[in-house]
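J.: I am attaching a structure below and will ask some questions about it afterwards.
The values are calculated or read from the model by the stated rules, or taken from the named source; none is laboratory data. Every value quoted in this text rests on a predicted model; they were computed, and no experiment measured them. Every residue, glycine among them, receives a Cβ derived from its backbone with ideal geometry; neighbour counts consider all protein chains shown. Side chains included, ligands, DNA and RNA excluded: accessible areas come from the protein's heavy atoms. Shrake-Rupley method; radii C 1.70, N 1.55, O 1.52, S 1.80 Å.
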Amino acid sequence: MYKLYVFLLVTTVLGLGFGVDALAQNKGSDRPNIVIIFTDDMGYGDVGVYGHPTIRTPNLDRMAGEGMKFTQFYTAASVCTPSRAGLLTGRLPVRSGMMSEEFRVLFPFSAKGMPPEEITIAEALKEQGYATAAVGKWHLGHQTPYLPTDNGFDSYYGIPYSNDMDNKAWPPVPLMRDKEIIEQPAEQRTLTPRYTEKSLEFIRENQDKPFFLYLAHTFPHVPLYASEDFRGTSTRGLYGDVIEEIDWSTGQIMDELEQRGLAENTLVFFTSDNGPWLTMDQNGGSAGLLRNGKGTTWEGGMRVPALAWWPGTISPGQVTQALGTTMDLFSTSLALAGAEQPDDRIIDGVNLMPVLTGKQENVRDAVFYYRSEKLFAVRKGPWKAHFITQSAYVGDKPVSHEPPQLYNLEEDPSEKYNLAEKYPEVISEIMDLVEKHENNLIRGEDQLAPVREDGTVPWQD
């Protein structure tokens, strides 16, 4: 009777889009395990199956071969902090205040973090009886009440912010377990294998109940580090070493799930927090044929590799052109767990299961590209309008466009040919969408400004 209730709740209330036959294929719990693997600054062109000629990624290629590859998948933002907020809450980070004009990400001197009233995937799944763990980079607040264990995760092991936030102005980057610093500075050469082992331990310890693992790799964010087993092994150099070690880590998790009979009851989703850090030259990655990279609202900044693996539920060898975003992982996870989406706030994510199971070709039609607190661009169907453009970090100032620049991304993914003069009616349709969006937008209070409630600034202490 309980299984029937879960099925009816998921399919009727949440519109899951796949039937009881898919659930019946899973071993153990009727609520599947969920593993999200999230890299840092990995570009669209950095994976073998996405076309990189010299980086070897046999495990990620296997994910694509045995599961689904997305070719039009986006992040919630083009830099670390807001991107992570968007994934975990299913909401555009401008709604939670996790985007700021002056400070684009959180720093060691930041006083705040993700607002406690936001609902994370972990919090929602924990209420459904899931074991939850965060491993790796957090970057949503390094003090209570902003740490992973304050936001629905039973445990945490990783670094609290970016691995380059280490200079004379503040202490070295720490490694934390739950809320305790256990190593400072963190030995970064061994982070990927240690993250992998902690992830495997969590799977082993929770194999008899539903679990949610959020593995957010520190790399390939600069500075780059690879362990002794991988350093100097890739023809792509140190950057290739780092990606190939992440690929190895992914394979370890897939193998563990298979060996324990959990693969057919587990969705594994692999993606990146934003595009490649092109200003780092050879230490940065590749956006492939996409324009520009991290920090921008060009395609290379926000369209990222995305792979989904779930043997027995996702048919092998699928390549989808469906639009998807990291925010959709929130809605997808809640649907799989039989949890209702919050009805007291706007959720920007949509359930991807109809796409993953081949029931529908598309579940969303639009993508909003925010930079800081401003809407820079919007995609509707194949069309993308740029209202403002700007390079990543240095050089030019933002440039406003009237009329907006217009590109057909299905014909021109490199955004070379501005078609604004030829298709004014398309721009008009997109502007109508923008108006509707902004009429329903309540901006959250800035959480990135380094000011405490009493008005003091941490770095002045």
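J.: Setting aside same-chain residues fewer than 8 positions from LYS380, which lysines have a Cα under 24 Å from its Cα?
T.: Candidates past the 8-residue exclusion: LYS69, LYS294, LYS359, LYS416, LYS422, LYS436.
J.: Calculate, in whole percent, how much of the Cα-Cα pair population of region 401-449 lies beyond 14 Å.
T.: 64 percent
J.: Using Cα positions and a limit of under 18 Å, work out the aspartates and glutamates in reach of LYS374, with same-chain residues fewer than 8 apart set aside.
T.: Straight-line reach from LYS374, under 18 Å: GLU101, GLU102, GLU299, ASP348, ASP396, GLU402, ASP432, GLU435, GLU438, GLU445, ASP446.
J.: Roughly speaking, to the nearest percent, how much of the chain's 1.4 Å accessible area is carbon and sulfur?
T.: Ligands and nucleic acids excluded, carbon and sulfur reach 49 percent.
J.: Oh, and also: Suppose R0 equals 25 Å; then what is the FRET efficiency for ASP208 and GLU258 from their Cβ-Cβ distance, rounded to the nearest 0.05? List each step's numbers first, then the result.
T.: On the way: r = 17 Å, r/R0 = 0.67.
That pair, ASP208 with GLU258, gives E of 0.90.
J.: log10 I(q)/I(0), Debye, Cα-only region 212-330, no solvent, q = 0.17 Å⁻¹?
T.: Taking Cα atoms of region 212-330 as identical point scatterers yields -1.02.
J.: Taking N as the number of residues in region 62-194, what is its Cα Rg relative to 2.2 N^0.38 Å? Mind dumping the intermediate values first?
T.: Working: Rg = 15.6 Å, N = 133, 2.2 N^0.38 = 14.1 Å.
That ratio works out to 1.10.
J.: Within the chain, what's the longest run with no chymotrypsin sites (Phe, Trp or Tyr not before Pro) in a DSSP loop and at most 14 other beta-carbon atoms within 10 Å? Give the range, please.
T.: Counting at most 14 other Cβ atoms within 10 Å as exposed, the longest clean stretch of the chain is 1-392.
J.: Exactly which trypsin sites (Lys or Arg not before Pro) in region 138-197 are in a DSSP loop and have at most 14 other Cβ atoms within 10 Å? Before the final figure, lay out the partial values.
T.: Details: sites: LYS168, ARG177, LYS179, ARG189, ARG194; in loops: LYS168, LYS179.
Here the trypsin sites (Lys or Arg not before Pro) that fit, given the DSSP loop and packing criteria, are LYS168, LYS179.
J.: So if R0 is 35 Å, what FRET efficiency would THR235 and GLU197 give, r being the distance between their Cβ atoms, rounded to the nearest 0.05?
T.: 0.80
J.: Lysines near LYS198 by alpha-carbon distance under 19 Å, same-chain residues fewer than 8 away left out - which ones?
T.: Correct list for LYS198: LYS137, LYS179, LYS209.
J.: Starting from the Cα of HIS437, move 7 Å in the Cα-to-Cβ direction to define the label point; list residues of region 319-349 whose amide nitrogen is under 18 Å from there.
T.: Inside the label zone: 323-329, 346-349.
J.: Moving to a separate point now. For region 129-143, in order, what is each residue's ³J(HN,Hα) by Karplus, 6.51 cos²θ - 1.76 cosθ + 1.60 with θ = phi - 60°, in whole Hz (x at glycine and Pro)?
T.: x, 7, 7, 9, 9, 10, 10, x, 7, 9, 6, 10, x, 9, 10
J.: For region 306-425, what does the accessible surface come to per residue with a 1.4 Å probe? Please give it in Å².
T.: 43 Å²
J.: Accessible area per residue for region 109-188 in Å², computed with a 1.4 Å probe and the full protein assembly in place, what is it?
T.: Result: 36 Å² per residue.
J.: With a/c under 1.5 counting as rounded, go ahead and sort region 22-133 into rounded, prolate or oblate using the C-alpha gyration tensor (a ≥ b ≥ c being the square roots of the eigenvalues; past the cut-off, prolate if a/b is larger than b/c, else oblate).
T.: oblate
J.: Same structure, new question: At 222 nm, what helix-only mean residue ellipticity would the chain give, in deg cm²/dmol to the nearest 500, using -39500 (n - 2.57) for each DSSP H run of four or more?
T.: -7000 deg cm²/dmol
J.: On a C-alpha basis, how far is the centre of region 419-450 from the centre of region 236-309 in Å? Whole number, if you could?
T.: Distance between centres, Cα-based: 29 Å.
J.: Now, a different point. Would you please name the trypsin sites (Lys or Arg not before Pro) within region 323-394 that are DSSP coil residues with at most 14 other C-beta atoms within 10 Å of their C-beta?
T.: Numbers: sites: ARG345, LYS359, ARG364, ARG371, LYS374, ARG379, LYS380, LYS384; in loops: ARG345, LYS359, ARG364.
Answer by residue number: LYS359.
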